[in-house]
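Just below is one structure, and these are the notes that go with it.
Nothing in this text is a laboratory measurement; each read-out follows from the coordinates by a stated rule. None of the values given here were measured: they were computed from a predicted structure. Cβ atoms come from the backbone with ideal geometry, glycine included; neighbour counts cover every protein chain shown.
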Amino acid sequence: MLLILTFINVVAFSLFALSSVATYRDIFGSRPSERRCLLLKWLGSAALVAALGWCLLQMNLGLALLFWFGDMTVVALSLALMLTLRAERKQLRRRQST
């Protein structure tokens, strides 16, 4: 159960990260359109609602909210750290190549 919840939250926060112009450009090399950014935000929101729905189907309200918020916190922090370290490694490689 927790593995599925974590997967849905990783997808949601990855979509939110990609809705940022800087992150999108860093990963894909081009600037996203405003429509694509809006779509990514909506899909990320839908994934978070799906994760909450999954929790509510599996357990009672109090426990579902606890698991949902806790898992969102862990996933968001992990993804933020990974994206930050990725950017730092990229800058380090640029410095070393010059």
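Quick look at the numbers
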| item | result |
| --- | --- |
| Length gained when the stretch Ile4-Ala50 is fully extended (0.36 nm per residue, less Cα-Cα span) | 15.5 nm |
| Highest-MSF residue in the chain out of Ser20, Ser30, Ser45 [GNM, Cα springs under 10 Å] | Ser30 |
| Relative contact order (percent, whole number), the chain, Cα cutoff 8 Å, 6+ residue spacing | 33 |
| Crossing angle, helix 34-58 versus the chain [Cα axis fit, 0-90 degrees, rounded to tens] | 30 |
| Positive-pole candidate from Leu48, Thr23, Leu79, dipole of the range 12-98, charges at beta carbon | Thr23 |
| Gaussian network model of the chain, Cα within-10 Å springs - most flexible of Ser78, Ser33, Ser19 | Ser33 |
| Value of [θ]222 nm, deg cm²/dmol, for the chain, DSSP H segments ≥ 4, -39500 (n - 2.57) each, nearest 500 | -31000 deg cm²/dmol |
| Length gained when the stretch Trp42-Asp26 is fully extended (0.36 nm per residue, less Cα-Cα span) | 3.7 nm |
| Principal-axis tilt of helix 61-97 within the chain, Cα atoms, nearest 10 degrees | 10 |
